[in-house]
Amino acid sequence: MLKDESKKWLLMLLTSIVLLPLLHLFDSFTIPQRVNNLTDDIKILTSSYELSLDISESISSTRAYIIYSDEKYLAQFHRLSNQTTKKRNRPLQCGRPF
(Lines give C-alpha, C1' and ligand atoms only; values in the text may rest on other atoms or scores of the structure.)
Protein backbone atom coordinates (compact mmCIF):
# COMPACT_ATOMS: atom_id res chain seq x y z
CA MET A 1 0.00 0.00 0.00
CA LEU A 2 1.01 3.61 -0.63
CA LYS A 3 1.79 5.89 2.25
CA ASP A 4 -0.43 8.92 2.89
CA GLU A 5 2.23 11.29 1.59
CA SER A 6 2.56 9.30 -1.65
CA LYS A 7 -1.22 9.26 -2.07
CA LYS A 8 -1.34 13.03 -1.76
CA TRP A 9 1.36 13.48 -4.40
CA LEU A 10 -0.31 10.99 -6.71
CA LEU A 11 -3.66 12.71 -6.30
CA MET A 12 -2.07 16.11 -7.05
CA LEU A 13 -0.39 14.69 -10.14
CA LEU A 14 -3.61 13.14 -11.44
CA THR A 15 -5.53 16.33 -10.74
CA SER A 16 -2.93 18.33 -12.68
CA ILE A 17 -3.05 15.90 -15.57
CA VAL A 18 -6.82 16.27 -15.80
CA LEU A 19 -7.16 19.95 -14.90
CA LEU A 20 -4.54 21.48 -17.21
CA PRO A 21 -6.03 20.16 -20.47
CA LEU A 22 -9.47 21.32 -19.33
CA LEU A 23 -8.14 24.81 -18.71
CA HIS A 24 -6.50 24.90 -22.13
CA LEU A 25 -9.71 23.71 -23.74
CA PHE A 26 -11.69 26.45 -22.02
CA ASP A 27 -9.08 29.02 -23.03
CA SER A 28 -9.30 27.96 -26.68
CA PHE A 29 -13.03 28.71 -26.64
CA THR A 30 -12.64 32.17 -25.12
CA ILE A 31 -9.77 33.45 -27.29
CA PRO A 32 -11.96 34.48 -30.29
CA GLN A 33 -14.23 36.52 -28.02
CA ARG A 34 -11.26 38.25 -26.41
CA VAL A 35 -9.81 39.09 -29.83
CA ASN A 36 -13.17 40.52 -30.86
CA ASN A 37 -13.24 42.61 -27.69
CA LEU A 38 -9.75 43.93 -28.47
CA THR A 39 -10.91 45.00 -31.92
CA ASP A 40 -13.85 46.84 -30.38
CA ASP A 41 -11.58 48.46 -27.80
CA ILE A 42 -9.23 49.69 -30.54
CA LYS A 43 -12.17 51.27 -32.38
CA ILE A 44 -13.32 53.00 -29.20
CA LEU A 45 -9.80 54.23 -28.42
CA THR A 46 -9.36 55.55 -31.95
CA SER A 47 -12.65 57.39 -31.81
CA SER A 48 -11.84 58.83 -28.39
CA TYR A 49 -8.43 59.97 -29.59
CA GLU A 50 -9.95 61.76 -32.58
CA LEU A 51 -12.48 63.46 -30.33
CA SER A 52 -9.81 64.55 -27.88
CA LEU A 53 -7.83 66.16 -30.70
CA ASP A 54 -10.93 68.06 -31.86
CA ILE A 55 -11.70 69.17 -28.33
CA SER A 56 -8.15 70.42 -27.76
CA GLU A 57 -8.34 72.39 -31.02
CA SER A 58 -11.59 73.95 -29.80
CA ILE A 59 -9.97 74.87 -26.51
CA SER A 60 -7.02 76.42 -28.36
CA SER A 61 -9.43 78.51 -30.44
CA THR A 62 -11.18 79.67 -27.28
CA ARG A 63 -7.89 80.69 -25.68
CA ALA A 64 -6.86 82.54 -28.83
CA TYR A 65 -10.22 84.37 -28.88
CA ILE A 66 -9.81 85.38 -25.24
CA ILE A 67 -6.24 86.59 -25.79
CA TYR A 68 -6.66 88.32 -29.18
CA SER A 69 -10.41 89.11 -29.20
CA ASP A 70 -10.49 88.17 -32.88
CA GLU A 71 -13.78 86.92 -34.29
CA LYS A 72 -12.07 84.39 -36.56
CA TYR A 73 -11.08 82.34 -33.49
CA LEU A 74 -14.65 82.39 -32.24
CA ALA A 75 -15.89 81.24 -35.66
CA GLN A 76 -13.24 78.51 -35.66
CA PHE A 77 -14.40 77.42 -32.20
CA HIS A 78 -18.02 77.16 -33.38
CA ARG A 79 -17.00 75.21 -36.48
CA LEU A 80 -14.85 72.78 -34.50
CA SER A 81 -17.54 72.36 -31.85
CA ASN A 82 -20.12 71.49 -34.50
CA GLN A 83 -17.75 68.98 -36.10
CA THR A 84 -16.97 67.42 -32.73
CA THR A 85 -20.66 67.13 -31.87
CA LYS A 86 -21.40 65.47 -35.22
CA LYS A 87 -18.53 63.02 -34.75
CA ARG A 88 -19.63 62.24 -31.20
CA ASN A 89 -23.21 61.53 -32.25
CA ARG A 90 -22.07 59.18 -35.01
CA PRO A 91 -22.65 55.57 -33.88
CA LEU A 92 -19.59 53.44 -33.29
CA GLN A 93 -19.33 50.33 -35.45
CA CYS A 94 -18.56 47.79 -32.76
CA GLY A 95 -20.41 45.12 -30.87
CA ARG A 96 -20.18 46.61 -27.39
CA PRO A 97 -21.47 49.91 -26.03
CA PHE A 98 -19.16 52.38 -24.29
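Would you check if Ser6 is more than 30 Å from Arg79 (Cα to Cα), among the polar types (S, T, N, Q) and over 35 Å from the mean Cα position of the chain (by Cα)?
Yes.
Can you tell me which residues in segment 31-55 are among the β-branched types (Val, Ile, Thr) and either in contact with a Phe, Trp or Tyr (Cβ under 6 Å, 6 or more places away or on another chain) or under 30 Å from Leu80 (Cα atoms) (or both)?
Within segment 31-55, Thr39, Ile42, Ile44, Thr46, Ile55 qualify.
Would it be correct to say that Ile67 is under 23 Å from Asn82 (Cβ atoms) and without any contact (Cβ under 8 Å) to a residue 12 or more places away in the chain?
It is true that Ile67 is under 23 Å from Asn82 (Cβ atoms) and without any contact (Cβ under 8 Å) to a residue 12 or more places away in the chain.
Pick from segment 61-98 the residues that are out of contact with any helix residue (DSSP H, G or I) (no Cβ under 9 Å at 6 or more places or on another chain) and in a loop (DSSP other than H, G, I, E, B): which of them is modelled with the lowest pLDDT?
Pro97
Can you give me the number of residues within segment 51-80 that are under 21 Å from the mean Cα position of the chain (by Cα) and surrounded by 13 or more Cβ atoms within 10 Å (Cβ to Cβ)?
3
Mind telling me which of the residues Ser58, Ser28, Ser16 ends up being closer than 30 Å to Leu80 by Cβ, among the polar types (S, T, N, Q) and either out of contact with any Cys (no Cβ under 8 Å at 6 or more places or on another chain) or assigned to a helix (DSSP H, G or I) (or both)?
From the options Ser58, Ser28, Ser16, the qualifying one is Ser58.
The values are calculated or read from the model by the stated rules, or taken from the named source; none is laboratory data. This one's a predicted model, so the numbers in the text were calculated from it and none came from an experiment. Glycine gets a Cβ as well: all are built from the backbone with ideal geometry, and neighbour counts include every protein chain shown.
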